[in-house]
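Here is the structure we will look at, set down as structure tokens.
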Amino acid sequence: DIAGMGVVEDIPGGFVVYDQGVRKRSHWFQSEHREAILKCVWELGKLHVGVGINKYPAMKRADVGRARLGHFSFEEDLMSDAEFSVVKLTTRHVAGKVNRILAISQTCLVERDPATYTVV
């Protein structure tokens, strides 16, 4: 479910989609057709689904990055109490599996890339 969409002003063609789920995550996209995409979503959402999609104010890349994980974007939510090396089975990667770190914090189960330690 989409809560709203907005422009990421310092990324050419950048826009963000916010979900309505419990976590309220944001998803970044970039397209040379940004304006057409946003217009279609806003218009067709009302016309065909009967739902108005909120237009969020323009944001900067850093602001979107800080909010990427929604309610669990804060350091205390991501600080590991325990970590385990795991292999994630997936159809997204050619080999069908990818190495990950599975971390447990006080509020989250966190998947990290072992090469960069970033949250996936």
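Numbers for the structure displayed
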item	result
Crossing angle, helix 34-44 versus the chain [Cα axis fit, 0-90 degrees, rounded to tens]	70 degrees
Solvent-accessible area, 1.4 Å probe, carbon plus sulfur percent, for the chain	57 percent
Cα-centre dipole for the chain with unit charges at Cβ (Lys and Arg positive, Asp and Glu negative), debye to 20	300 debye
Once the Cα gyration tensor of the chain is diagonalised, semi-axes √(5λ) in Å	31, 17, 15
Loop-located trypsin sites (Lys or Arg not before Pro) in segment 77-120, at most 14 other Cβ atoms within 10 Å (DSSP)	92
Partner lysines for residue 97 [C-alpha distance under 20 Å; skip if fewer than 8 residues away on the same chain]	88
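The values are calculated or read from the model by the stated rules, or taken from the named source; none is laboratory data. Here the structure is a predicted model, which means the values were calculated and not measured. No Cβ is skipped: glycine too gets one built from the backbone with ideal geometry, and neighbour counts run over all protein chains shown. Surface accessibility is based on the protein's heavy atoms, side chains included, excluding ligands, DNA and RNA. Shrake-Rupley method; radii C 1.70, N 1.55, O 1.52, S 1.80 Å.
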